[in-house]
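These notes concern the structure reproduced below.
The numbers here are math on the coordinates, done by the rules we state, and not lab data. Please read all numbers here as calculations on a predicted model, not as lab measurements. Here the Cβ is made from the backbone with ideal geometry for all residues, glycine too, and neighbour counts use every protein chain on show.
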Amino acid sequence: MLIKKAADILASEITPKSLYMNRRAFLAGTAIAGAVAVAGVGVQEMASPSEVVQANAKIDGIRKSSFSTTEKITPYKDVTNYNNYYEFSTDKEGPAELAKNFKTRPWTVTIDGLVKKKQVLDVDTILKMAAPEERIYRHRCVEGWSIVVPWVGFSLSELIKRAEPLPKARYVEFTTLNDPQQMPGLRVPVLDWPYVEGLRMDEAMHPLALLCFGMYGEVLPNQDGAPLRIVVPWKYGFKSAKAIVRIRFTEEQPINTWNKAAPSEYGFYSNVNPNVDHPRWSQAKERRLGEFFKRPTLMFNGYDQVASLYSGMDLKKYF
Ligand SMILES: Nc1nc2c(c(=O)[nH]1)N[C@H]1C(S)=C(S)[C@@H](COP(=O)(O)O)O[C@H]1N2
Ligand SMILES: [Mo]
């Protein structure tokens, strides 16, 4: 997306000193955030020392889902070697290699904000909340490519309802891990880290919104967002945050990272919409990874069942 900007910053602005200072500020910040989280939140299920997860480990007991498309599945090697994951690299071929040794255990997710049950949950506790389903979804990147992926997970609503949001909670915010030791892209100020995304509560509660921890029958590869990510198939790919560590319930609309970076190009809603061009390119067509000819992009990426969430909204204004 902002690759040119990243290259410019890289060439001109980063000095070893500024990197060093950023890193110190980061370390101080996490120490404080950690203390606040433990003091202010009922730690119900703190990380039990979970075992290391093997890459490509099979997930047992996966059910099929009626939400799956019957379209041709994109080859695994394409989906796992062409990734947007700026915490590792702005180069799409980069994350596969750079995320190889990323540690996904122990891993906790902080649930906070406007909920009855503020808590810090071990990721393995979350994975046991509901039976895993295979959801074969179309996935459309704002940049014009798309993939069809057999994700594994369950509806995000399963987690949300257990957290018991307060009536005031109107939005859900997702935050990605911010660990520059492990994620080299975080040392480049191409985005305002950490990566933050959000959904309106009714979007997050829609059964299609997936809390995802696997693909192709196996645990998520690191470059695709292990150990836990969101997949919102009717929205452009950047709404689907990877490696999430915090789920916060808010009254105000969250400020999502890409909207902050380029508000005229990336909105909060970002529903797939062939009729609303990106300021720098058309969104009318897309290219499936591994295919040559482009195909038309469908409204809501073909997920018409979400249309009622937006009835009465001007989707050109709320892009
Ligand atoms: N934390 C984080 N999540 C992210 C991104 C990112 O850079 N960082 N990129 C987004 C974009 S632009 C896309 S298209 C999808 C890509 O997911 P995939 O690599 O599994 O295909 O992840 C999204 N989630
Ligand atoms: Mo994307």
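Go through region 237-319 and name the trypsin sites (Lys or Arg not before Pro) that are in a DSSP coil and have 15 or fewer other Cβ atoms within 10 Å of their Cβ.
Hits after loop and neighbour filter: R280, K294, K316, K317.
What distance in nm separates the simple spin-label points at K168 and E71, each placed 7 Å from Cα in the Cβ direction?
It is 4.2 nm.
Taking amide hydrogens as modeled 1.01 Å from N in the peptide plane, which residues meet the under 5 Å criterion relative to G214, leaving out close sequence neighbours?
V152, L220
Once you place label points 7 Å from the Cα toward the Cβ at L315 and Q253, how far apart are they in nm?
Rounded to a tenth, the inter-label distance reads 1.6 nm.
Please list, in order along region 118-128, the HN-Hα scalar couplings obtained from phi with the Karplus expression 6.51 cos²θ - 1.76 cosθ + 1.60 (θ = phi - 60°), rounded to whole Hz, x for Gly and Pro.
5, 6, 10, 10, 5, 4, 6, 5, 4, 4, 8
Which of the aspartates and glutamates could a cross-linker bridge to K100, judged by Cα under 20 Å and excluding same-chain residues fewer than eight apart?
Partners found: E51, D78, E87, D91, D179, E218, D224.
For region 208-319, just say rounded, prolate or oblate: build the C-alpha gyration tensor, square-root its eigenvalues into a ≥ b ≥ c, call rounded for a/c under 1.5, and beyond that prolate if a/b exceeds b/c, oblate if not.
In terms of gyration-tensor shape, oblate.
On full extension of the chain, what length is gained from D78 through N56, given 0.36 nm per residue of separation minus the C-alpha to C-alpha distance?
So the extension gain works out to 6.3 nm.
Cβ under 11 Å from A130's Cβ, A130 left aside: what net charge do those residues give with Lys, Arg +1 and Asp, Glu -1?
Result for the neighbourhood of A130: +2.
Residues of region 198-222 with amide nitrogen under 16 Å from the 7 Å Cα-to-Cβ point of E158?
205-220
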